[in-house]
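Quick notes on the structure that follows.
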Amino acid sequence: MYNVFQATEENIARAAGVIKNGGLVALPTETVYGLGANVFDAKAVAKIFAVKKRPTFDPLISHIADFDALPEYVETNERALALAKRFWPGPFTMVLKRKGHAAGVDLACSGLPTATVRMPAHPVAAALIRQSGVPIVAPSANLFKSVSPTTAQHVYDGLGENVDMILDGGACRVGVESTILDVTGDKPVLLRAGGTTLEDIEEFLGEKVLVSHGEPDRPSAPGQLLRHYAPGHKLRINAEKPEANEFYIGFGDREGELNLSPKGDLCEAAANLFAFLRKADALAGDKTLAMAPIPETGLGLAINDRIRRAAHD
Ligand code: AMP
Ligand code: MG
């Protein structure tokens with residue numbers, strides 16, 4: 001693992017140099033590990049798609065570290081600015097209208113008239129973005145459609161030496177990807193449930209948010225692909241109890257070989273989700289996987305979204 005480095009000040013500075021020189025850096029964020037590149041460097045952005053084997057119609061999120069660093073290629077509005085003030089830094093991404101046509105940005109946005117922006121809460125991510133001096137596009141640092149990485153080791157297991165530098169900042173605190181909210185229209189629309197809860201967003205806005213139920217074939221929303229985050233074994237969800245040939249991932253009182261959160265805490269379950277899917281995959285042998293029901297509230301929305309896609313065949 002010659003490309004894995006502790007996220008020390010010195011190594012973050014080195015990583016910023018890699019980004020500036022068109023390289024790829026895997027970085028810890030509070031959601032999952034990201035595979036980062038300079039958004040203005042079309043070659044570097046292209047490398048992200050190549051290394052992940054991600055189709056170029058699946059656009060990338062730009063990550064910033066400061067409010068006054070909102071990229072010049074997005075148009076804001078009053079609602080967007082208010083949401084940013086409330087939920088940034090954090091697991092919250094907004095879809096905004098886009099301006100101009102820089103080559104890297106065009107590719108990162110899959111040619112769409114919109115761009116997505118997030119300000120992550122992880123200090124290593126923030127330091128790297130600041131020192132790089134550019135927005136960093138960073139999809140999850142894994143192969144397309146596979147389980148997302150929540151440790152540096154997961155990144156290495158999936159991408160190996162195809163990444164110039166992997167910054168190890170420990171396990172991710174939130175464990176599921178950011179919530180994506182489209183704020184380009186009259187009504188805000190939830191495109192992906194994630195680390196910021198729908199309840200919190202609606203309470204803050206004082207209005208109902210429309211929930212997009214996914215148009216898996218529409219290029220603007222590939223985060224909504226039916227099969228995604230998939231483990232190697234078949235997975236059955238909402239399983240009250242395991243069948244004879246199943247490896248059971250429990251939740252709360254439903255015990256299993258693994259338990260996402262014995263005390264039934266959805267935050268803990270989200271933080272464990274991807275790592276436990278990997279563990280279950282490694283331990284299940286000839287068995288298939290089954291997972292206990294997860295309540296459809298708070299972070300449960302994001303968890304259920306991920307496992308529905310993980311279970312889809
Ligand atoms: P991730 O898989 O975490 O990198 O999130 C990327 C997802 O964000 C994509 O699959 C889209 O659903 C959404 N997204 C990213 N960029 C855009 C964009 N420019 N316009 C609309 N949706 C976007
Ligand atoms: Mg991903």
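For the stretch 110-119, state whether one or more residues are more than 16 Å from ligand 2 (Cβ to nearest atom), of a type in the set (Gly, Ala, Ser) and in a helix (DSSP H, G or I). Please lay out each step first, then the result.
Step one: filter the stretch 110-119 for residues more than 16 Å from ligand 2 (Cβ to nearest atom), giving 111-115, 117, 119.
Keeping just the survivors that are of a type in the set (Gly, Ala, Ser) gives 111, 115.
Then drop every residue that is not in a helix (DSSP H, G or I), which leaves none.
No, because not a single residue in the stretch 110-119 is more than 16 Å from ligand 2 (Cβ to nearest atom), of a type in the set (Gly, Ala, Ser) and in a helix (DSSP H, G or I).
What tally of residues in the stretch 273-303 results from selecting those that are crowded, with 19+ Cβ neighbours inside 10 Å and closer than 25 Å to residue 211 by Cβ?
So the first thing to find is which residues in the stretch 273-303 are crowded, with 19+ Cβ neighbours inside 10 Å, and the list is 273-278, 280, 284, 289-292, 294, 299, 301-303.
So of that shortlist, the ones also closer than 25 Å to residue 211 by Cβ come out as 273-274, 277, 291-292, 294, 299, 301-303.
Residues meeting the conditions: 10.
Among the residues of the stretch 11-22, count how many are part of a loop (DSSP other than H, G, I, E, B) and of a type in the set (Gly, Ala, Ser). Before the answer, list the steps.
Just the residues of the stretch 11-22 that are part of a loop (DSSP other than H, G, I, E, B), to begin with: 21-22.
Applying the additional criterion that residues be of a type in the set (Gly, Ala, Ser) yields 22.
Result for the stretch 11-22: 1.
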Next item on the list: For the stretch 146-169, enumerate the residues that are hydroxyl-bearing (Ser, Thr, Tyr) and over 16 Å from the mean Cα position of the chain (by Cα).
Entry: 156
Notebook entry, point to check: With 69, 26, 44 as the choices, which residue is of a type outside the set (S, T, N, Q) and modelled with pLDDT under 95?
Noted result: 69
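Within the stretch 100-120, track down each residue that is more than 10 Å from ligand 1 (Cβ to nearest atom) and either closer than 16 Å to residue 59 by Cα or aromatic (Phe, Trp, Tyr) (or both). Talk me through it step by step, then tell me what you get.
Keep residues of the stretch 100-120 that are more than 10 Å from ligand 1 (Cβ to nearest atom), which gives 100-104, 106-107, 119-120.
Across the stretch 100-120, the qualifying residues are 101, 102, 103, 104, 106, 107.
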Next item on the list: Quickly run through the stretch 284-311 and pick out the residues that are under 13 Å from residue 231 (Cα atoms) and part of a helix (DSSP H, G or I).
Entry: 306, 307, 308, 309, 310, 311
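Can we say residue 212 is modelled with pLDDT under 95, in contact with a strand residue (DSSP E or B) (Cβ under 9 Å, 6 or more places away or on another chain) and hydroxyl-bearing (Ser, Thr, Tyr)? Give the derivation first.
Values: modelled with pLDDT under 95: yes; in contact with a strand residue (DSSP E or B) (Cβ under 9 Å, 6 or more places away or on another chain): yes; hydroxyl-bearing (Ser, Thr, Tyr): yes.
Yes.
Taking only the stretch 124-146 into account, find how many residues are at pLDDT below 95 and in contact with a His (Cβ under 8 Å, 6 or more places away or on another chain). I'd like the intermediate steps shown before the answer.
Taking the stretch 124-146 and keeping what is at pLDDT below 95, we get 144-146.
Applying the additional criterion that residues be in contact with a His (Cβ under 8 Å, 6 or more places away or on another chain) yields 145.
The total comes to 1.
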Check: of a type in the set (Ser, Thr, Tyr), more than 22 Å from residue 115 (Cβ to Cβ), in contact with a Gly (Cβ under 7 Å, 6 or more places away or on another chain) and crowded, with 23+ Cβ neighbours inside 10 Å: does that describe residue 196?
Finding: no
Item checked: Extreme residue, farthest from residue 270 (Cα to Cα), among residues of the stretch 132-163 that are assigned to a helix (DSSP H, G or I) and within 16 Å of ligand 1 (Cβ to nearest atom) -> 159
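Here is a list: 166, 129. Which entry is touching a residue at least 12 places away in the same chain (Cβ under 8 Å), in a strand (DSSP E or B) and more than 10 Å from ligand 1 (Cβ to nearest atom)?
Within the list 166, 129, the selection yields 166.
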Notebook entry, point to check: Are there any pairs, at least 6 apart or on different chains, whose C-beta atoms fall under 6 Å, with the first in the stretch 169-184 and part of a loop (DSSP other than H, G, I, E, B) and the second away from ligand 2 (no atom under 16 Å from the Cβ) and among the small types (Gly, Ala, Ser), and if so, which?
Noted result: 169/7; 175/271; 183/80
Next item on the list: Working only within the stretch 10-21, note down all residues that are in contact (Cβ under 8 Å) with a residue 24 or more places away in the chain and either within 16 Å of ligand 2 (Cβ to nearest atom) or not polar (S, T, N, Q) (or both).
Entry: 12, 13, 14, 15, 16, 18, 19, 20
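From 268, 255, which residue is among the acidic types (Asp, Glu), touching a Ser or Thr at 6+ places or on another chain (Cβ under 7 Å) and without any contact (Cβ under 8 Å) to a residue 60 or more places away in the chain? If you could, list the steps in order and put the result at the bottom.
Details: 255 fails: touching a Ser or Thr at 6+ places or on another chain (Cβ under 7 Å).
Among 268, 255, only 268 is among the acidic types (Asp, Glu), touching a Ser or Thr at 6+ places or on another chain (Cβ under 7 Å) and without any contact (Cβ under 8 Å) to a residue 60 or more places away in the chain.
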Check: Within the stretch 185-208, restricting attention to residues that are in a loop (DSSP other than H, G, I, E, B) and within 16 Å of residue 91 (Cβ to Cβ), which residue is nearest to ligand 2 (Cβ to nearest atom)?
Finding: 194
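The values are calculated or read from the model by the stated rules, or taken from the named source; none is laboratory data. Treat the numbers as computed from the prediction; the structure is a model and nothing was measured. A quick note on method: Cβ atoms are made from the backbone with ideal geometry, for glycine too, and the neighbour counts reach across all protein chains shown.
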